[in-house]
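Encoded as structure tokens, the structure appears first; notes follow it.
The values are calculated or read from the model by the stated rules, or taken from the named source; none is laboratory data. Bear in mind that the values here come from a model prediction, so they are computed numbers and not experimental data. Neighbour counts are summed over all protein chains in view; Cβ atoms, including those assigned to glycine, are modelled from backbone coordinates with ideal geometry. Each accessible area value is taken on the protein alone, full model and side chains, heavy atoms only, with ligands, DNA and RNA left out. Shrake-Rupley method; radii C 1.70, N 1.55, O 1.52, S 1.80 Å.
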Amino acid sequence: MMRDISLAALEARLAQDLDRLNFTGKDWVPPTVIDGARVRDVVVIGAGMCGLVTSVALQKHGILNHVVYDKAPAGLEGPWLTIARMETLRSPKQLTGPAYGLPSLTFRAWYEASYGTEAWDALFRISLEDWMAYLVWYRRVMHVPVVNGAEMTGVSAGPDGLVALDMVIDGVQTQVLTRKLVLATGRDGLGGPFLPQVARDLPASLRAHSADIIDFDALRGKVVGVVGAGASAMDNAATALEHGAKAVHMFIRRTDIPRLNKGMGIGSPGMTHGYLDLDDMWKWRIQHHLNTSQTPPPRPSTLRVSRHANAYFHLGAPLTSLREDAGRLSLDTPKGHFDLDFMIFATGFGVDYTQRPELAAVTPHIKLWSDTGFPDTLPADLKDNALASAPDLGPAFELREKTPGACPILNSIYSFNFPSTLTHGKLSGDIPAVSEGADRLVRGITSALFTADIEQHWTLLETYATPELLGDEWQDADTKEAP
């Protein structure tokens with residue numbers, strides 16, 4: 001009962017803050033009507049953290065005719081309760097994340113209202129369950145217009161320069177027209193899980209990517225291999241061990257596990273707001289350095305694995321051969337031969353449009369960094385295929401055309417997801433600067449909508465005729481006798 005009362009008080013305070021700030025802007029965008037129906041001004045695909053804060057930013061800027069679609073059931077948006085297998089978030093608990101500058105909307109405010117100040121003081125890291133519960137609450141109190149069970153299956157050019165979306169909503173096919181489309185689709189936003197060719201050659205029954213739904217109960221008593229040494233590798237290895245795997249072997253290409261989180265060394269408001277204005281070489285150098293250094297797994301995640309006596313870390317052990325043999329996996333590495341029952345590849349994500357059939361009509365036209373010619377000028381030690389495949393975005397996360405004029409709707413599609421990192425920095429995938437990212441995105445959308453409608457706004461200016469003075473507020477001196 002105390003929890004409900006505390007949350008109710010927090011929600012009342014938040015409502016008061018929003019009212020005092022006049023937070024929800026005037027609905028200023030002129031309606032676009034096709035066949036008698038109003039077209040959406042913005043459609044957001046993805047109701048995870050990035051999609052939610054995008055909606056809040058749209059509300060603040062008075063773009064109220066928007067909707068957020070997510071194919072997951074309510075409460076399962078994003079990775080938190082499905083494929084995220086860490087015990088807690090990596091980010092420090094005090095980061096404000098998607099709160100968009102509203103103290104009463106922070107995770108801390110929600111947590112203290114839910115569990116008390118002493119519980120907050122004792123908290124080390126945020127659990128997945130609490131983070132998801134916070135996002136569900138955030139969605140409710142900010143009135144984010146989410147439609148669940150809604151999957152985008154295609155995107156193409158619509159009438160009058162609009163973006164046409166093929167949607168399946170609650171199993172029913174329909175088309176939605178929108179002026180702007182935001183892809184708030186997470187780490188795999190323009191592709192999907194990366195699997196090396198050796199993994200693709202294996203039967204799906206014997207391998208998985210760390211981002212797959214995995215039946216860990218089926219791994220009880222089995223010998224499991226995990227490729228990688230990052231956070232997801234540790235979390236999947238630990239989950240297999242905790243579900244009773246007979247042994248888990250971690251195969252790590254490097255001779256040591258990365259220990260320094262280099263990104264922490266440059267994080268600042270300067271990086272958040274200044275990175276976009278760096279020249280291509282600086283952006284490339286920073287991201288290439290982070291890629292080659294790699295982010296270490298969190299210490300708690302690593303200890304979660306190593307506390308099991310049947311966990312084995314094989315350093316300097318890249319896969320030299322891997323094949324199926326009589327229903328099992330036969331693996332060779334420089335550290336020896338291994339027979340496994342199952343292999344989990346924690347090998348990250350990549351830009352791979354073959355995994356995004358819904359974007360097939362536009363992907364041939366998307367300008368990548370490889371299309372700029374810049375990567376071709378780099379010395380061998382700076383070559384990076386992953387960076388070269390990143391989209392070369394505009395200043396508001398908008399996609400750009402490889403050939404100008406070939407696919408004009410691209411500048412109405414915004415890549416507010418992890419592949420935007422090379423152009424914009426980490427503003428659309430991680431907690432620390434996601435509010436700043438959403439603000440940059442929505443300011444760009446606001447400007448684009450206004451400039452596109454300038455003729456209508458000019459007409460409003462010319463025809464505006466609501467007087468503030470009625471003419472009875474003064475008397476002309478010529479009609480009065482001076483003293």
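With +1 on each Lys and Arg Cβ and -1 on each Asp and Glu Cβ, and nothing else charged, work out how big the dipole of segment 164-230 is about its Cα centre, in Debye to the nearest 20. Kindly include the intermediate steps, with their values, before the conclusion.
Details: 7 positive and 7 negative charges, 44 e Å.
In total the dipole reaches around 220 debye.
Once both axes come from the Cα atoms, what is the angle between helix 280-293 and the longest principal axis of the chain, in degrees from 0 to 90, rounded to 10?
40
Return the percentage of antiparallel bridges among DSSP beta bridges fully within the chain, rounded to the nearest 5 %.
Values: 33 of 64 bridges.
In the chain, DSSP labels about 50 percent of beta bridges as antiparallel.
Return one number: the angle in degrees, 0 to 90 and rounded to the nearest 10, between the long axis of the Cα atoms of helix 49-60 and the longest principal axis of the Cα atoms of the chain.
The answer is roughly 10 degrees.
Placing +1 at every Lys and Arg Cβ and -1 at every Asp and Glu Cβ, with all other atoms neutral, what dipole size does the chain have around its Cα centre, in debye to the nearest 20?
Numbers: 44 positive and 56 negative charges, 451 e Å.
It comes to approximately 2160 debye.
Using only the Cα atoms, work out Rg/Rh for segment 246-356, with Rh taken as the Kirkwood radius, to two decimals. Before the final figure, lay out each step's value.
Details: Rg = 18.5 Å, Rh = 17.3 Å.
That ratio is 1.07, to two decimals.
For segment 155-227, just the Cα atoms, rotate onto the principal axes and tell me the three extents in Å, largest first.
59, 27, 21
Take the Cα atoms of segment 52-196, build their convex hull, and give its volume per residue in Å³.
On the way: hull volume 20.1 nm³, N = 145.
Dividing the Cα hull volume of segment 52-196 by its residues yields 139 Å³.
Ratio to report: Rg/Rh of segment 120-195, with Cα atoms as the point set and Rh obtained by the Kirkwood method; give two decimals.
On the way: Rg = 17.3 Å, Rh = 15.7 Å.
My calculation puts Rg/Rh at 1.10.
For segment 90-160, what mean projected area does the convex hull of the alpha carbons give, in nm²? Could you put the intermediate results ahead of the total?
Details: hull surface 30.1 nm².
Taking a quarter of the hull surface, the average projection is 7.5 nm².
What does the net charge come to around SER330 if you take all other residues with beta carbon closer than 11 Å to its beta carbon, with K and R at +1 and D and E at -1?
Values: positive: ARG323, ARG328; negative: GLU324, ASP325, ASP332, ASP339.
After counting each charged neighbour, the total is -2.
Beyond 29 Å between alpha-carbons counts as too far, so tell me which of LYS60/LYS283; LYS93/LYS383; LYS93/LYS222; LYS180/LYS402; LYS71/LYS367; LYS246/LYS335 fall in that bin.
Cα-Cα > 29 Å for LYS60/LYS283; LYS93/LYS383; LYS93/LYS222; rest within.
Restricting things to Cα coordinates, could you compute the convex hull volume per residue of the chain in Å³?
Working: hull volume 110.5 nm³, N = 483.
Hull volume normalised by residue count: 229 Å³.
Work from the charge dipole of the chain (Cβ charges, +1 for Lys and Arg, -1 for Asp and Glu, about the Cα centre) and give the residue of GLY186, PRO467, HIS143 farthest towards its positive end.
GLY186
Rounded to the nearest 500, what is the 222 nm mean residue ellipticity of the chain from helices alone, with -39500 (n - 2.57) per DSSP H run of 4+ residues and division by all residues? Intermediate results must be reported in sequence, preceding the final value.
On the way: 14 runs with 141 residues, N = 483.
After summing the helix terms and dividing by the residues of the chain, the value is -8500 deg cm²/dmol.
How large, in percent, is the carbon and sulfur part of the accessible surface of the chain at a probe radius of 1.4 Å?
Roughly 54 percent of what the probe reaches on the chain is carbon or sulfur.
Mind checking the per residue accessible area of the chain for me, 1.4 Å probe, whole number of Å²? Provide the component values of the computation, followed by the final result.
Numbers: 23600 Å² over 483 residues.
Heavy-atom SASA per residue in the chain reads 49 Å².
Could you state the angle between the C-alpha long axis of helix 434-452 and the longest principal axis of the C-alpha atoms of the chain, as a value from 0 to 90 degrees rounded to the nearest 10?
Roughly 50 degrees between the two axes.
Stick to Cα atoms and the Kirkwood definition of Rh, then tell me Rg/Rh for segment 333-483.
Values: Rg = 27.6 Å, Rh = 20.6 Å.
Result: Rg/Rh = 1.34.
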